[in-house]
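The values are calculated or read from the model by the stated rules, or taken from the named source; none is laboratory data. These numbers come from a predicted model, not from an experiment. Note that each Cβ is placed from the backbone with ideal geometry, even for glycine, and that neighbours are counted across all protein chains shown. Surface accessibility is based on the protein's heavy atoms, side chains included, excluding ligands, DNA and RNA. Shrake-Rupley method; radii C 1.70, N 1.55, O 1.52, S 1.80 Å.
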Amino acid sequence: MEEKTSGRRSTRPSRYSRIQEPDLSGHTINHKTDTIVYALGGLGEVGKNMYCIEHDDEIIIIDCGILFPEEGLLGVDYVIPDYSYLVKNQQKIKAMVITHGHEDHIGGIPFFLQSVHLREIYAPRFAKALIEKKLEERRLSRSCKIIEINSDSRIRTKYFNIGFFDTVHSIPDSLGVLINTPNGRIVETGDFKFDLTPIGKNSDYQKMAYIGQIGVTLLMSDSTNSGVPGSSISEKKVANAILEQMHKTPGRLIVSTFASNFYRVRQILECAIACNRKVAVFGRSMENAVEIGRKLGLLSIPDSSFISGNELNTLPANRICIVCTGSQGEPMAALSRIANGTHRFIKIIPGDTVLFSSNPIPGNGTSVSGVINQLTRVGANVVTNSPLTSFHTTGHAPVEEQKLMLNLIKPKYFMPNHGEYKMLVQHSHTAQETGVPKENCFICANGDVLVLRNEEVFKANERVQTDAIYVDGNDATGLSTSVIKDRKILAENGLIAVIVTIDSRYNKILCRPSIVSRGFVYIKDSQPLLKEAELVVYDALKKKMQQRTTFGELKNSIRTSLEPFLYDKTNRNPIVIPVILNQKAAIEEIKAKTGARRAAAHHAPAKKPAETNQ
């Protein structure tokens, strides 16, 4: 996935448990002899890919990604799968295999390693470097060994024999996975496309065809572009379009793309050198990608071709190319800060050209449009991708390329993955067009279990209970759904604080309650409403304090009296926070009584053991 690419535990069931559902298939699992396949993430969503294959006392994990949150998840940084089932069964985990280095396939690894002891992760070269950088930043470098793999690698366990084949994607060293199990062969394609003139290594058509000839029981395949007809354009065509644009741009050229699309970044840098431009790179993820690419020998551009931010004003405008993050309108990315005039080194000047070598990810269109409008407002010439310009191509297979994968692998059964529900259904229809029987196609959700038994596949009447965990910062324990709910209420309805002063010695309210509103109503225009609300709370408390009560009961009384009143008057439900202040003398008296009881308990003589009759 090109860069699509969350604390307390969720209040929903936070533990993977085997729960019984109505038996729709008539099949149950024999956990000793059957091979089972299930996803903890990646089905019904584009992101947090994590697929597990289990046989008896062994589990193989493919990928460990994150999902970037929607706008409605306020304050959430990442969404990750709930790892509780794997925590509970971590002694069974024999291998974690990574298909490639995008965040929706590797971003969850630091959080996973906080919960599960894992000795080894198997990853292709570029993904290995990205994972090591990620673990170094989180101080987890010693927690797990990262073993480099390629298309010739083999991983063998008691029940599994795992091999790999090369695929083409928007990042180097992308692999598909073949898993030989006691009950049949499984192929997981990872993210892929077919490009007949790729920038890097080509797809291994011969190995895919051979795998198809020897027989594949179950194919799990990338569904991201299953609604896109035709085939994708080649990265080389994109390179030619960028080179042409760079030649005809008279001033500075600012290019924004996905930092994770390394081949695109490499092409932009090579085009800049060919046009005698110096390159400045901005954005942490972009800088990391360039650094790792140069370290691995995938980017052969000399140091003399790079300039720092301080050197931008020392060169003519037509000798400068700026490569930066922010193609999706992210508010803190380099391009947004350039557009808003808050970037440390770059200010837009008339004559600058900004090139978007990307398409907006669904849901980001408004943010991208906002950045484009702001760039245009401050004088930049903005160039975006279109069918006429070809400044971007996808890294995922459209329909015709999905058909090619299906025809090469020739699966008996098919499970589309890595996609929203509509994408999975569309990919299933494509599989049926290539000859896979409709009853052999499985549209699954996260937690659904497919069973392989003697090279036959069926859906089990058991499932692994899954959950999304919302991460705020780096805490893998996750925000509870109640926290997310509170944030939504605060955003939509605001907050009311009710301050009450009492004297607990005499069970008496000392003055009328005071109400403070934030984000609920405009206080100056709502004084009658707030005064009436204060009287409602005062009457409820007077009635409650005619008898012995507790601070907790007083708070509940405030909420239960005020919330219905506010909803009746405003049709809104703000969060009500009661604050009860006790008279200082009453607090001192409570402390004195508590201290006396503790002292009496400390000095009380120990009871003698009861005598027994002999």
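Taking each residue of the stretch 301-314 that is open to solvent by 80 Å² or more (accessible area, probe 1.4 Å) and looking for partners that are assigned to a helix (DSSP H, G or I) with beta-carbon atoms closer than 8 Å, six or more apart or interchain, yields nothing.
Of the candidates 203, 174, 221, the single residue that is closer than 24 Å to residue 442 by Cα, among the small types (Gly, Ala, Ser) and at pLDDT 95 or above is 221.
Condition check ((1) of a type in the set (Ser, Thr, Tyr); (2) modelled with pLDDT of 95 or more; (3) under 12 Å from residue 469 (Cα atoms)) across all residues:
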site: 41; (1), (2), (3): no, no, yes
site: 51; (1), (2), (3): yes, yes, no
site: 54; (1), (2), (3): no, yes, no
site: 70; (1), (2), (3): no, no, no
site: 76; (1), (2), (3): no, no, yes
site: 85; (1), (2), (3): yes, no, no
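Residues in the stretch 239-257 that are hydrophobic (A, V, I, L, M, F, W, C) and surrounded by fewer than 24 Cβ atoms within 10 Å (Cβ to Cβ) were compared, and the one that is farthest from residue 427 (Cα to Cα) is 246. Answer yes or no as to whether residue 433 is surrounded by fewer than 20 Cβ atoms within 10 Å (Cβ to Cβ), modelled with pLDDT of 85 or more and among the charged types (D, E, K, R). Yes; evaluated as a whole, the condition is true for this residue. In summary, residue 395 fulfils each of the numbered conditions (1) of a type outside the set (A, V, I, L, M, F, W, C); (2) in a loop (DSSP other than H, G, I, E, B); (3) farther than 30 Å from residue 167 by Cα with the single exception of condition (3).
So, residue 95, is that one hydrophobic (A, V, I, L, M, F, W, C), more than 20 Å from residue 47 (Cβ to Cβ) and assigned to a helix (DSSP H, G or I) or not? For residue 95, the condition - hydrophobic (A, V, I, L, M, F, W, C), more than 20 Å from residue 47 (Cβ to Cβ) and assigned to a helix (DSSP H, G or I) - is not met.
Does the stretch 361-369 include one or more residues that are modelled with pLDDT under 95, part of a strand (DSSP E or B) and of a type in the set (A, V, I, L, M, F, W, C)?
No, the stretch 361-369 contains no residue that is modelled with pLDDT under 95, part of a strand (DSSP E or B) and of a type in the set (A, V, I, L, M, F, W, C).
Every residue, every condition in (1) under 32 Å from the mean Cα position of the chain (by Cα); (2) more than 19 Å from residue 346 (Cβ to Cβ); (3) at pLDDT below 90, yes or no:
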residue: 231; (1), (2), (3): yes, yes, no
residue: 246; (1), (2), (3): no, no, no
residue: 254; (1), (2), (3): yes, no, no
residue: 266; (1), (2), (3): yes, yes, no
residue: 269; (1), (2), (3): yes, no, no
residue: 272; (1), (2), (3): no, no, no
residue: 296; (1), (2), (3): yes, yes, no
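Just checking, how many residues over the stretch 442-467 are among the basic types (Lys, Arg) and within 17 Å of residue 187 (Cα to Cα)? Qualifying residue count for the region: 1. Of all residues in the stretch 55-92, those satisfying the criterion of being part of a helix (DSSP H, G or I) and open to solvent by 10 Å² or more (accessible area, probe 1.4 Å) are 84, 85, 87, 88, 90, 91, 92. Go through the residues of the stretch 209-220 one by one and say whether even a single one is under 26 Å from the mean Cα position of the chain (by Cα) and surrounded by 22 or more Cβ atoms within 10 Å (Cβ to Cβ). Looking for residues that are under 26 Å from the mean Cα position of the chain (by Cα) and surrounded by 22 or more Cβ atoms within 10 Å (Cβ to Cβ), one finds at least one in the stretch 209-220, hence yes.
For the stretch 42-57, a residue qualifies if it is within 15 Å of residue 180 (Cα to Cα) and of a type in the set (A, V, I, L, M, F, W, C), and the qualifying residues are 52, 53.
For (1) more than 46 Å from the chain's Cα centre (by Cα); (2) outside any strand (DSSP E or B); (3) of a type outside the set (Val, Ile, Thr), each residue gets a yes or a no:
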| residue | (1), (2), (3) |
| --- | --- |
| 506 | yes, yes, yes |
| 516 | no, no, no |
| 534 | no, yes, yes |
| 537 | no, yes, no |
| 542 | yes, yes, yes |
| 547 | yes, yes, yes |
| 552 | no, yes, yes |
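Can you confirm whether the stretch 2-9 contains a residue that is out of contact with any Gly (no Cβ under 8 Å at 6 or more places or on another chain) and at pLDDT below 90? Yes; the residues of the stretch 2-9 include at least one that is out of contact with any Gly (no Cβ under 8 Å at 6 or more places or on another chain) and at pLDDT below 90. So for the stretch 390-399 (the condition being out of contact with any Ser or Thr (no Cβ under 9 Å at 6 or more places or on another chain) and within 30 Å of residue 198 (Cα to Cα)), does at least one residue qualify? Yes, there is a match, as at least one residue in the stretch 390-399 is out of contact with any Ser or Thr (no Cβ under 9 Å at 6 or more places or on another chain) and within 30 Å of residue 198 (Cα to Cα).
When only residues in the stretch 315-356 that are surrounded by 17 or more Cβ atoms within 10 Å (Cβ to Cβ) and of a type in the set (D, E, K, R) count, which is modelled with the lowest pLDDT? Per the stated criteria, the residue is 330. Of the residues making up the stretch 491-536, just one is more than 20 Å from residue 569 (Cβ to Cβ), buried (at least 16 other Cβ atoms within 10 Å of the Cβ) and small (Gly, Ala, Ser), namely 504. Each residue in the stretch 566-587 was checked for being in a helix (DSSP H, G or I), surrounded by fewer than 17 Cβ atoms within 10 Å (Cβ to Cβ) and modelled with pLDDT of 85 or more, and 4 of them qualify.
Only residues that are basic (Lys, Arg) and either in a loop (DSSP other than H, G, I, E, B) or on the phi > 0 side of the Ramachandran plot (or both) were counted in the stretch 179-216, giving 1. Quickly run through the stretch 279-300 and pick out the residues that are open to solvent by 50 Å² or more (accessible area, probe 1.4 Å) and more than 25 Å from residue 329 (Cα to Cα). Across the stretch 279-300, the qualifying residues are 294, 295, 297, 300. Applying the condition of being in a helix (DSSP H, G or I) and open to solvent by less than 20 Å² (accessible area, probe 1.4 Å) to the stretch 98-110 and asking which residue is farthest from residue 44 (Cα to Cα) yields 110. Every test in (1) in a loop (DSSP other than H, G, I, E, B); (2) buried (at least 17 other Cβ atoms within 10 Å of the Cβ) is passed by residue 269 save one, and that test is (1).
For the stretch 473-502, how many residues meet the condition of being at pLDDT 85 or above and in contact with a helix residue (DSSP H, G or I) (Cβ under 6 Å, 6 or more places away or on another chain)? Looking only at that region, the number is 1.
So, in the stretch 32-57, how many residues would count as being among the aliphatic types (A, V, I, L, M), under 24 Å from the mean Cα position of the chain (by Cα) and under 18 Å from residue 459 (Cβ atoms)?
Selection size over the stretch 32-57: 5.
Checking the structure you have, find out if any residue of the stretch 399-417 is among the hydroxyl-bearing types (Ser, Thr, Tyr) and surrounded by fewer than 19 Cβ atoms within 10 Å (Cβ to Cβ). No: the stretch 399-417 contains no residue that is among the hydroxyl-bearing types (Ser, Thr, Tyr) and surrounded by fewer than 19 Cβ atoms within 10 Å (Cβ to Cβ).
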